[in-house]
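Data block below; observations after.
What follows is calculated from the coordinates using simple rules that are stated; it is not laboratory data. Since the model is a prediction, treat every value here as computed from it, not as a measurement. Quick reminder, even Gly has a Cβ in these numbers, built from the backbone with ideal geometry, and neighbours come from all protein chains shown.
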Amino acid sequence: MQNTAVTSVDLSDNGQLVAAGSTDGSVRIWNAATARALAPPMIGQNSPVTTVDFSDDGQRVAVGDADGALRVWNAERASRSHRR
């Protein structure tokens, strides 16, 4: 369960994963069927998350924040792939 307000949610195209971004700048990836987190929260945004969006294959999730930063994370490993 998240302790901060959720600001953005996305469901992967295959319906297996849920990404949730929060006001604390973290993103969590959940298994949609079991409601279990796949990994610890992804922390890297410096301000509240404004959008989360899975790639078509569900392997990456793009995260945007209120400061205009965009980061791309590996959804399964919860590791950062790219930053813009």
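Put simply, the amide H of S8, placed in the peptide plane, has neighbours under 5 Å in G21, leaving out anything fewer than 5 places away on its chain. Labels on offer are [x] 1.79; [y] 0.95; [z] 1.15, and the one holding Cα Rg over 2.2 N^0.38 Å computed from this structure is [y]. Name the residue, out of D13, D53, D24, whose mean-square fluctuation peaks in a Gaussian network model built on the chain with Cα pairs under 10 Å. Checking each option, the largest mean-square fluctuation is seen for D13. Taking amide H positions as modeled 1.01 Å from N, with prolines and chain starts lacking one, the residues under 5 Å from L17 and 5 or more places away or on another chain are S12, A32. Only the Cβ atoms of Lys and Arg (+1) and of Asp and Glu (-1) were treated as charged; on that basis the dipole of the chain about its Cα centre amounts to roughly 280 debye.
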